[in-house]
1. For the range 71-87, give me each residue that is within 22 Å of the chain's Cα centre (by Cα) and buried (at least 16 other Cβ atoms within 10 Å of the Cβ).
2. Please go through the range 125-135 and give me each residue that is exposed (fewer than 13 other Cβ atoms within 10 Å of the Cβ) and either basic (Lys, Arg) or without any contact (Cβ under 8 Å) to a residue 60 or more places away in the chain (or both), ordered by number.
3. Which ranges mark the helices (runs of 4 or more DSSP H) fully within the range 32-151 that have 3 or more residues being under 19 Å from residue 7 (Cα atoms) and at pLDDT 90 or above?
4. Can you give me the number of residues within the range 20-73 that are among the aromatic types (Phe, Trp, Tyr) and within 18 Å of residue 88 (Cβ to Cβ)?
5. Which members of the range 65-78 meet the condition of being under 16 Å from residue 98 (Cβ atoms) and touching a helix residue (DSSP H, G or I) at 6+ places or on another chain (Cβ under 8 Å)?
Amino acid sequence: MPLCFIEPQEAIRVVAESVGREARRQLLGEVVRAWVDEIPEDELESHYAKAIDELDDDDLSMLAAWHASMEVGQPVANKDFLIKAFPGLGEHRREALRIAAGFRGDEAFEAGVSEEQALDTVLPWLSSERMMELAAEAVELYCWDRLGSCN
């Protein structure tokens, strides 16, 4: 019997192609969260600006409501306010970026951007350690999906 070895990046891709829609969405969410965790501090603001640039009014309103919970001032659901308020979020800046990137990812997912395109964009930026963690999470999602989730 042959023994097969696979790189973590490829394992994530294989799992993404092998699971149902909900598990795929969850896996892509984990990949985006991992990507945000790997962004250097000095690049967070520019990535945040890119993430909110394409959000619709509903997403901007939800993001502004989240800002309100952080008490950074009276939130306004527009891009200028959100960008100016970002530095004031301190340790919560990564969470704000995760939320904005998640909204953007959901829109891309709904618009038909393939998982493969999303993975091609994000996976190359991840460290090998983070890639291994994601591969383990992908296997857990695969088992969850195959053991009978409501997919």
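The values are calculated or read from the model by the stated rules, or taken from the named source; none is laboratory data. All figures in this text were calculated on a predicted structure; none of them were measured in a lab. Positions of Cβ are generated from backbone atoms using ideal geometry, with glycine treated the same way; all protein chains shown enter the neighbour counts.
1. Scanning the range 71-87 gives 77, 82, 85, 86.
2. Once the filter is applied, which keeps residues that are exposed (fewer than 13 other Cβ atoms within 10 Å of the Cβ) and either basic (Lys, Arg) or without any contact (Cβ under 8 Å) to a residue 60 or more places away in the chain (or both), the range 125-135 yields only 129.
3. Passing ranges, in order: 128-146.
4. Result for the range 20-73: 2.
5. 66, 67, 70 - these are the residues of the range 65-78 that are under 16 Å from residue 98 (Cβ atoms) and touching a helix residue (DSSP H, G or I) at 6+ places or on another chain (Cβ under 8 Å).
Conditions (1) surrounded by 15 or more Cβ atoms within 10 Å (Cβ to Cβ); (2) under 22 Å from residue 126 (Cβ atoms), marked per residue:
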| position | (1), (2) |
| --- | --- |
| 23 | yes, yes |
| 35 | yes, yes |
| 41 | no, yes |
| 59 | yes, no |
| 90 | no, no |
